[in-house]
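Peer 1: The structure is given below, and queries will be raised subsequently.
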Amino acid sequence: MSLMNILEDFDWLDTFTDEANRLLVGGKFPHINISVKDKDFIIRAELPGIKVKDLNVTIAESTVTIQGERKIETSEGSEGVVSFHTERNDGFFNRTIALPRDVDTSKAESVLSNGILTITLHKKKIAETKQISVKEG
Amino acid sequence: MPKKQQKHVEKKKLDIAAHKAEPHLASHTGEWYVSAADIFEYENEVIVEMDMPGVSKDDVDMKLRENEIVVTGHVVHGEDRDDEVLYREYDEGHFHRHFVLNDTIDRDKISSVMAEGVLRIVLPKKQAYKQRQIEVKEG
């Protein structure tokens with residue numbers, strides 16, 4: 001087996017494990033910060049260059065998922081590009097974040113403004129504790 | 001073939017010491033970062049796109065000086081209004097970056113647009129540098 005063949009096998013293995021990791025973990029883009037304000041949890045992410053129509057935020061029982069696609073105009077060798085210098089990344093992203101138990105998933109807001117996604121989640125109202133009388137047995 | 005996945009680009013901190021003369025850097029508190037940028041050169045123009053999430057059109061300052069463009073973007077920090085940050089994966093900060101221009105750019109025709117946290121600068125080339133088809137005649 002030539003050296004080139006061996007290297008190709010390792011490339012495939014890297015790609016496969018990356019894919020497997022992504023499927024299991026859901027990827028780690030975008031990076032997020034979580035804050036508390038009054039009775040709300042606020043999740044923020046930096047998502048520059050993404051249009052609202054290319055972004056989906058879904059809330060489930062105990063998770064929130066941020067999913068979408070960024071397109072950069074000439075990243076795939078468009079016509080007419082003489083040269084380019086690239087520092088930014090584009091592509092699909094899909095990240096699922098576990099929520100703390102006391103989040104009210106029936107009410108949530110998400111806003112995308114100036115490239116910042118802000119998801120506001122309200123805390124559930126905690127049921128009041130009730131006194132129960134202890135009977136002698 | 002798997003779909004292309006977007007990866008996080010780590011923010012580069014700005015070397016404040018090297019930019020001491022910049023007036024903007026002293027006027028705002030907070031961290032400063034070099035914004036990630038892509039440069040696309042076409043036949044007749046150069047396009048620069050810079051990521052500055054959290055910066056709106058009114059918060060961008062763009063100056064043309066001699067042979068360089070200087071861009072400053074101020075971020076209104078959402079976190080400042082929060083009670084507490086529980087979990088952090090990225091840092092908020094302002095953006096600053098210089099671009100050196102070469103002679104091919106027509107300085108009078110530079111324009112820019114700020115949208116979705118991305119500044120897009122269009123730098124048309126001078127007429128003399130635009131590519132032209134030259135007709136070859138039969139001799």
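Please treat every number below as a calculation from the coordinates, not as lab data. Remember, it's a predicted structure, so these values are computed and weren't measured experimentally. All Cβ positions, glycine included, derive from the backbone under ideal geometry; neighbour counts span all protein chains shown.
Peer 1: In whole Å, how far is the Cα centre of region A:90-137 from that of region B:3-17?
Peer 2: 30
Peer 1: For chain B, what log10 I(q)/I(0) values come out of the Debye formula at q = 0.14, 0.15 1/Å, with one point per alpha carbon and no solvent?
Peer 2: -0.76, -0.85
Peer 1: Using every pair of alpha-carbon atoms in region B:84-137, split the distances into 10 Å bins beginning at 0 and state the percent of pairs per bin, rounded to integers.
Peer 2: P(r) over region B:84-137, rounded to whole percents: 16, 30, 23, 15, 11, 4, 1, 0.
Peer 1: Further question: For region B:1-134, with the dipole built from +1 on Lys and Arg beta-carbon atoms and -1 on Asp and Glu ones, taken about the Cα centre, which of B:Val55, B:His8, B:Ile69 lies farthest toward the positive end?
Peer 2: Farthest towards the positive end: B:Ile69.
Peer 1: Compute the FRET efficiency between B:Val136 and B:Lys4 as 1/(1 + (r/R0)^6), taking r as their Cβ-Cβ distance and R0 = 45 Å, and round to the nearest 0.05.
Peer 2: That gives a FRET efficiency of 0.60.
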